[in-house]
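Trainee: Okay, here's the structure, questions in a sec.
The values are calculated or read from the model by the stated rules, or taken from the named source; none is laboratory data. Given the structure is predicted, the values throughout are model-derived calculations rather than measurements. Using ideal geometry, Cβ is built from the backbone for each residue, glycine included, and neighbour counts are taken over all protein chains shown. We work out accessible area using only protein heavy atoms, side chains counted, and drop any ligands, DNA or RNA first. Shrake-Rupley method; radii C 1.70, N 1.55, O 1.52, S 1.80 Å.
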Amino acid sequence: SQLVFAHPSELVAYAILGPLCGLFSILLYYCFRTVENRPLLKTLPRWLAPALGGLGVGIVGCFLPQVMAGHYQFIQHAMDGTLFARPEGVENSWWEWAALFGLVAVFKCVATGLTVGSGESGGALGPTVFIGGAVGAFLGAAIQAAAPEGFGPAEMEALRRSLIPVGMAGVLAASMRTPMAAIVMVSEMTGGYGLIVPLMLVC
């Protein structure tokens, strides 16, 4: 199914997503600054600080490998629904999915701060989009867990999927201070032109 905005009642979810994206952009900022401003890093040899940052990222990746999905597969699979496919008899609750997405979003902020803040090569655009997608997926799973009867099955699935690209735009808009560019970029990336109203609200 396409990414669409179908009913005004869905705007309640997007009204929650906006501040949530703002909070995660603040967390990302402080992760950068905390690592970057450590006095210890400034006394180390130039090659050692990035090595320690990389070690920290590797430790995060050992416990939460989804953080290391450099080509957005984790977020893509959440958006197309294949992430939730499980063998018969194996089932995760939506609260478990919400916890996973929330942890991924938090520790992606930490890993990005360790990488870029320690002086390693890398940018913030890709991680920012990834974090936003995880935040949108977190909220979608939390709504599914807390209010499973709030929408019909098809509408709930469409809302869960649509929160992900809108979350991408929200964290991007807040982190880079580029709301209009975020709306256009995510619409082009996902083909989600039907999400223009939620995108405008969140960004």
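Trainee: Taking the conditions exactly as written (open to solvent by less than 50 Å² (accessible area, probe 1.4 Å), of a type in the set (G, A, S), at pLDDT below 95 and farther than 30 Å from V35 by Cβ), does G113 satisfy them or not?
Mentor: Working: open to solvent by less than 50 Å² (accessible area, probe 1.4 Å): yes; of a type in the set (G, A, S): yes; at pLDDT below 95: yes; farther than 30 Å from V35 by Cβ: no.
No, not satisfied.
Trainee: Just checking, does segment 160-180 include any residue being among the hydroxyl-bearing types (S, T, Y), touching a helix residue (DSSP H, G or I) at 6+ places or on another chain (Cβ under 7 Å) and farther than 27 Å from Y29 by Cα?
Mentor: Within segment 160-180 (the criterion being among the hydroxyl-bearing types (S, T, Y), touching a helix residue (DSSP H, G or I) at 6+ places or on another chain (Cβ under 7 Å) and farther than 27 Å from Y29 by Cα), the answer is no, since none of the residues qualifies.
Trainee: Quick check on segment 14-51: of everything there that is among the small types (G, A, S) and at pLDDT 95 or above, which residue is farthest from V202 (Cα to Cα)?
Mentor: Just the residues of segment 14-51 that are among the small types (G, A, S), to begin with: 15, 18, 22, 25, 49, 51.
Next, from what is left, pick out any that are at pLDDT 95 or above: 15, 18, 22, 25.
On the way: A15: 7, G18: 4, G22: 9, S25: 13 Å.
By that ranking, first place goes to S25.
Trainee: For segment 153-203, enumerate the residues that are in a helix (DSSP H, G or I) and among the β-branched types (V, I, T).
Mentor: Selection gives I164, V166, V171, I183, V184, V186, T190, I196, V197, V202.
Trainee: Suppose the filter is buried (at least 16 other Cβ atoms within 10 Å of the Cβ) and at pLDDT 95 or above; does V186 pass it?
Mentor: no
Trainee: Under 6 Å between Cβ atoms, which residue pairs at least 6 apart in sequence (or on different chains) link something in segment 174-203 that is farther than 12 Å from G132 by Cβ with a partner that is in a loop (DSSP other than H, G, I, E, B) and modelled with pLDDT of 90 or more?
Mentor: Pairs that qualify, where the first residue is farther than 12 Å from G132 by Cβ and the partner is in a loop (DSSP other than H, G, I, E, B) and modelled with pLDDT of 90 or more, are P179/C203; I183/C203.
Trainee: Within segment 116-143, restricting attention to residues that are assigned to a helix (DSSP H, G or I), farther than 12 Å from I75 by Cβ and open to solvent by 30 Å² or more (accessible area, probe 1.4 Å), which residue is modelled with the lowest pLDDT?
Mentor: V116
Trainee: Could I ask something else about it? Which residues, taken from segment 144-173, are of a type in the set (A, V, I, L, M, F, W, C), touching a residue at least 24 places away in the same chain (Cβ under 8 Å) and over 17 Å from P8 (Cα atoms)?
Mentor: A145, I164, M168, A169, V171, L172, A173
Trainee: Any residue in segment 40-56 that is open to solvent by less than 80 Å² (accessible area, probe 1.4 Å) and either touching a strand residue (DSSP E or B) at 6+ places or on another chain (Cβ under 7 Å) or within 25 Å of G191 (Cα to Cα) (or both)?
Mentor: Taking every residue of segment 40-56 in turn, none turns out to be open to solvent by less than 80 Å² (accessible area, probe 1.4 Å) and either touching a strand residue (DSSP E or B) at 6+ places or on another chain (Cβ under 7 Å) or within 25 Å of G191 (Cα to Cα) (or both).
Trainee: What number of residues within segment 155-197 satisfy the criterion of being on the phi > 0 side of the Ramachandran plot and not small (G, A, S)?
Mentor: Count: 1.
Trainee: Moving to a separate point now. Here is a check on your reading of the model: is G150 open to solvent by 20 Å² or more (accessible area, probe 1.4 Å), farther than 17 Å from I16 by Cα, of a type in the set (G, A, S) and in a loop (DSSP other than H, G, I, E, B)?
Mentor: no
Trainee: Within segment 1-67, considering only helices (runs of 4 or more DSSP H) that don't extend past its boundaries, which have at least 3 residues that are hydroxyl-bearing (S, T, Y), closer than 18 Å to A124 by Cβ and in contact (Cβ under 8 Å) with a residue 60 or more places away in the chain?
Mentor: Details: elements: 11-36, 39-43, 48-63.
Fully inside segment 1-67 and qualifying: 11-36.
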